[in-house]
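The values are calculated or read from the model by the stated rules, or taken from the named source; none is laboratory data. Quick caveat, the model's predicted, so the values are computed rather than measured. Here the Cβ positions follow ideal geometry from the backbone for every residue, glycine too, while neighbour counts run over all protein chains shown.
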Amino acid sequence: MSCQDCLNRREFFARSALAAAALAALEACGDGQIGPPLRNTTDGGDPNVPPGPPLTISLASHPELATVGVLVELDRERAVMRTGANSFFGLSRICTHEQCDVEVRGNQLECPCHGSLFAKDGSVIHGPNVASAPITPLRQLDVTIDAVAGTITIA
C-alpha cells in the first residue's frame with residue numbers, strides 16, 4: 001500500500017481540529033440572529049416583563065435619579081426615570097423583538113442584538129434590522145414611592 005496521500009497522526013489531529021473549529025464557527029453563525037433564546041413563558045407570563053419579585057432601591061444609592069428626565073439602569077432588566085418631584089416611570093429593559101436585554105445609551109434604549117432603538121418612554125424609534133418578529137414598545141413597569149424610607153419599588 002502506497003502512503004503517498006496518507007496522513008500521519010499529527011496531521012490527522014491538526015486537520016480534525018481545524019474542521020471542528022470551522023463547524024463550531026458555522027454553528028455559531030446560526031440563522032444570523034444574535035442574542036438569547038426566547039424567555040421561558042411556561043407560566044403564561046409576558047416574556048417582556050422581568051420575572052421574579054419587585055425590585056426596591058434606595059434613592060440615595062442612585063443620585064442620578066435626583067434629576068428629572070434621566071433614564072437610569074437599575075439591574076439587567078429594569079430602568080427608571082424621575083418624571084417629577086414625586087413621580088417615577090419604570091421600564092422593562094427586555095426587548096420586545098426577541099427578548100434581548102437593551103442598554104441605556106444617551107437617554108435612549110438600544111438593543112445590542114438586532115439594533116432596535118427605543119425612546120426613554122419605551123416607544124419604538126426604529127425596529128430591528130430583521131423581519132422575523134414584530135416589535136412593540138417596551139413594557140412599562142409600576143413604580144411605587146416610599147418617601148419616608150427614601151425608596152422606590154419597581155414591579
Would you call I125 farther than 17 Å from E64 by Cα and part of a strand (DSSP E or B)? yes
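Surrounded by 13 or more Cβ atoms within 10 Å (Cβ to Cβ) and either at pLDDT below 70 or β-branched (V, I, T) (or both): is that true of Q33 in this structure?
Judged against the criteria, Q33 is a match.
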Find all pairs meeting these conditions: Cβ atoms under 7 angstrom apart; at least six residues apart or on different chains; first residue within segment 89-113 and of a type in the set (G, A, S); second residue assigned to a loop (DSSP other than H, G, I, E, B) and modelled with pLDDT of 90 or more. G90/D142; S92/V49; S92/P50; S92/E77; S92/L138; S92/R139
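For V143, state whether it is of a type in the set (V, I, T) and either in contact (Cβ under 8 Å) with a residue 40 or more places away in the chain or surrounded by 12 or more Cβ atoms within 10 Å (Cβ to Cβ) (or both).
yes
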Restricting to segment 74-86, and then to whatever is in contact (Cβ under 8 Å) with a residue 24 or more places away in the chain and under 14 Å from V143 (Cα atoms), can you tell me which residue is farthest from the chain's Cα centre (by Cα)? N86
